[in-house]
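Inspection log for the structure reproduced underneath, given as structure tokens.
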Amino acid sequence: MLKRWEDNLLVFTLENFAKKLNGLGVDEQIINKVIEGYKKVKKEYLSGNYEEVVRYAGKFCEAILALIESKVSGRSNLDKIRMEQACKRLESYPKSNAKDEILLTALPRVARSVYTLRNKENVAHVKTVDPKFIDAVYCVTACDWMLSRIALLLLNADEKEVYDLINSILKKKIPLIEEFEDGTIVILKKDLSRSDEILLTLYHYYPQRLSNSELENILKLPPKSVYTYLQRLENERLIHRTENGNKLTLLGIKYVEENLVMKQEKSSTQ
């Protein structure tokens, strides 16, 4: 199993997020709906099922509103979420600071905008532009933002933990990689060079550092081979190496996005 450690600190995962919310008194069923809904939104987006992205994003928004109401009032019912009424009710709560405004006004309004897309009927097509794709991009971004904001506003966690969670939420996931429950990944494209596989793996886990041994386990490479590739990539200034592991530089991120991610996205839309 890939060790998720960086600088001797455990990376803050969605599971840790759920535990901390539960520790704040938020109902476990609501928390599970939030986490499950979020994972489904991301999964369907990676699979290119854009209509399903919008559908699951709507369910995620229901759970987010239930979570907020559970936190501020101590009560909520997942089976009876009425989006319009729930938003109005949350916005009616007293607000004493900017955090309250974001939690009780901004978050419900973003949730309502996503829900509107889920309930729309027909929209105009512009030649080859698929409105479902446009809606899906907005929905997945809105879900990222809402979950990140919940982490910032509600969690009783130190800055490092919140930073790790938000980077995990916002980091780009790409359809060239499939991640499994044990923390390992499989690179789905077969014709990549070893150097590109290493860069893609580091991109997937960014901003974490991965040790040589972790890369060996993920890519099933012999130690001497990994060292040679890493040395070459460091000479090209695509990665930064320390005793704690390897991490992409900004130049490395640019290379992956322009030469691997964008090419994959273009080929998948043709």
Condition set of a type in the set (A, V, I, L, M) and in a helix (DSSP H, G or I), scope the stretch 179-201, selection modelled with the lowest pLDDT: answer is L200
Condition first: more than 11 Å from K71 (Cα to Cα) and part of a helix (DSSP H, G or I). Now tell me which residues in the stretch 12-22 satisfy that. L14, E15, N16, F17, A18, K19, K20
Report, ordered by the first and then the second residue, all pairs with beta carbons closer than 9 Å, sequence separation of six or more or different chains, a first member in the stretch 135-146 that is assigned by TED's automatic domain parsing to the domain that holds L107, and a second member that is at pLDDT below 90 and of a type in the set (K, R). D135/R118; D135/K120; C139/R118; V140/K42; C143/K42; D144/K42
What about E52, is it buried (at least 20 other Cβ atoms within 10 Å of the Cβ), assigned by TED's automatic domain parsing to the domain that holds D135, acidic (D, E) and under 14 Å from A136 (Cβ atoms)? no
Selection count where residues are under 19 Å from I177 (Cα atoms) and outside any helix (DSSP H, G or I), scope the stretch 212-247: 4
Name the single residue, out of those in the stretch 79-98 being at pLDDT below 90 and closer than 22 Å to S148 by Cβ, that is surrounded by the most Cβ atoms within 10 Å (Cβ to Cβ). A86
Residues of the stretch 71-94 being in contact (Cβ under 8 Å) with a residue 24 or more places away in the chain and either more than 25 Å from K20 (Cα to Cα) or not assigned by TED's automatic domain parsing to the domain that holds A18 (or both), in sequence order, are M83, E84
Residues that are assigned to a helix (DSSP H, G or I) and at pLDDT below 70: does the stretch 136-147 have at least one? no
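The values are calculated or read from the model by the stated rules, or taken from the named source; none is laboratory data. Because the structure is predicted, anything quoted here is derived from the model rather than measured. Please note: Cβ atoms are built from the backbone with ideal geometry, for glycine as well, and neighbour counts cover all protein chains shown.
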